[in-house]
1. Can you tell me which residues in region 153-197 are open to solvent by 20 Å² or more (accessible area, probe 1.4 Å), over 19 Å from Arg410 (Cβ atoms) and either in contact (Cβ under 8 Å) with a residue 40 or more places away in the chain or more than 16 Å from the ligand (Cβ to nearest atom) (or both)?
2. Check Thr303, Thr315, Thr310, Thr269 and return the single one that is at pLDDT 95 or above, at negative phi and in a helix (DSSP H, G or I).
3. Taking Glu279 as the residue in question, decide whether it is closer than 30 Å to Gly201 by Cα, without any contact (Cβ under 8 Å) to a residue 24 or more places away in the chain and away from the ligand (no atom under 16 Å from the Cβ).
4. How many residues does region 232-273 hold that are more than 12 Å from the ligand (Cβ to nearest atom), aliphatic (A, V, I, L, M) and open to solvent by 10 Å² or more (accessible area, probe 1.4 Å)?
5. In a helix (DSSP H, G or I) and outside the structural domain of Val183 (by TED's automatic domain parsing), is that true of Ala341?
6. Criterion first (under 21 Å from the mean Cα position of the chain (by Cα) and open to solvent by 40 Å² or more (accessible area, probe 1.4 Å)) does Arg115 satisfy it?
7. From the set of residues in region 199-219 that are more than 16 Å from the ligand (Cβ to nearest atom) and within 25 Å of the chain's Cα centre (by Cα), which is surrounded by the fewest Cβ atoms within 10 Å (Cβ to Cβ)?
8. Anything in region 62-91 that is open to solvent by 70 Å² or more (accessible area, probe 1.4 Å) and not acidic (Asp, Glu)? List them, or say none.
Amino acid sequence: MGNPDRVDALASTAISSPASGQVANPRPDPVPPLDPVPPLDVERLRKDFPALHQEVNGHPLVYLDNAATSQKPVQVLDAIRGYYEADNANVHRGIHELSRRATEAYEGARQRVARFLGVEDPAEVIWTRGTTEGINLVAASWGSANLGPGDEILLSDMEHHSNLVPWQLIARRTGAALRFLDVTDQGTLRLEQVDEILAGGRVRLAALTQVSNALGTLNPIREIADRVHAAGALLLVDGAQGAAHAPVDVHALGADFYAFSGHKLCGPTGIGVLWGRRELLEAMPPYMGGGEMISLVERDMSTWAPLPHTFEAGTPNIAGAIGMAAAVDYLEGVGPAAILAHEQSLVAYALAQLRELPGIRLFGPEEASDRAGVVSFLLGDAHPHDISTILDAEGVAIRAGHHCTQLLMRRYGVAATARASFYLYNTREEVDRLVRSLETVRTLFA
Ligand code: C6P
């Protein structure tokens, strides 16, 4: 069982703020609210992140592009370096000391990530290159075995392209159809619409993001999961922005599949995890063929290795897995609930100041408690790329663009937004720097 202290913080946060009016269909909270968490010692945490301590264009760096990728603490860097310096060997192959150590570290990393997800069985944890690969794996493998004409896959207009295009590809191959949940003006999903679409009886799987990368919205995943399961369908949760920012317990969340990336939660790039329920994974055909995923190979057929290796063809990203485990250890040490609380306090502080800026257009839920640490905005007529360039000249790193969510941009009638995204090491002073630099933008575009 997962740690009983873990709660489905994202779902409970999203549905426990009826005063905000942002969730169209609030229900009594099925999960007890989080106990108040002590504030983070941000000054101490910042010392762990070497990249934060530099000047950019003559200014101390303010890194507010965490939804794209987070910075890495020395604990993660040391774990990767330590592996390469002392234990580097291929895993599951060599009968020698280094290979034994590498295998132990790699499989140990799987166990640590399983614990982070509240999962008992590490064989349900599949290493991938990241969220994108995890979702492609399920779409291609589960989809090819389970979808056909007349079946539907339920998505939303706030999905990242990584949780949209793989479903378009498999829908085209199998004849299944895609259905979409609309996004409200406040950047939320409507549970009534979930019910309406499920009532058609054709949805086989819903694939939804836990947190919108472009709006910050915390989706009421548990409530959606209950509805999806009652309709006999499965739920894949895109946890790319969820796992980084709050406690995750995939069972409490009601997920059947959960995909996320290491690099957004203080880990390295090129590594991620797909978790799936054992009976689902065992019934799925391999995604890629090659070494490591076979049991017996003949000229015209092969049999597969058991989970998790069925889905891990080829030499894996061993150092990446070790780095990702160090990252989840780090986050657990800091306290995932405290990280979300910290981000929400920065979002509240930022929203209050940004609302004072003439010409600002903010996207996403009004209440900070309905968001993770993401604030998307436009400022007057300034193009988001110009905003980002001017901010960069003052050492402030944000992201500008469509954030791989073109459906969402179309929904709001814009081509792009500027996006500031916070993490455990960001401070109120950095929010002040963001707002001051936006004043520069306003002056230049006045
Ligand atoms: N979003 C952002 O700046 P990968 O690239 O596989 O690690 O993650 C893809 C992905 C999937 N779903 C969501 C909700 C995401 O936010 C992302 C990555 C980054 O918003 C890069 S586009």
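The values are calculated or read from the model by the stated rules, or taken from the named source; none is laboratory data. Quick caveat: nothing in here was measured; it's all calculated off a predicted structure. Note that each Cβ is placed from the backbone with ideal geometry, even for glycine, and that neighbours are counted across all protein chains shown. Just so you know, the surface numbers come from the protein's heavy atoms only, side chains and all, with ligands and any DNA or RNA stripped out. Shrake-Rupley method; radii C 1.70, N 1.55, O 1.52, S 1.80 Å.
1. Correct list: Arg172, Arg173, Thr174, Gly175, Ala177, Glu192, Asp195, Glu196.
2. Only one candidate qualifies: Thr310.
3. yes
4. Count: 2.
5. yes
6. yes
7. If we take residues in region 199-219 being more than 16 Å from the ligand (Cβ to nearest atom) and within 25 Å of the chain's Cα centre (by Cα), then Arg204 is surrounded by the fewest Cβ atoms within 10 Å (Cβ to Cβ).
8. Answer for region 62-91, where residues must be open to solvent by 70 Å² or more (accessible area, probe 1.4 Å) and not acidic (Asp, Glu): Gln75, Leu77, Arg81, Tyr84, Asn88.
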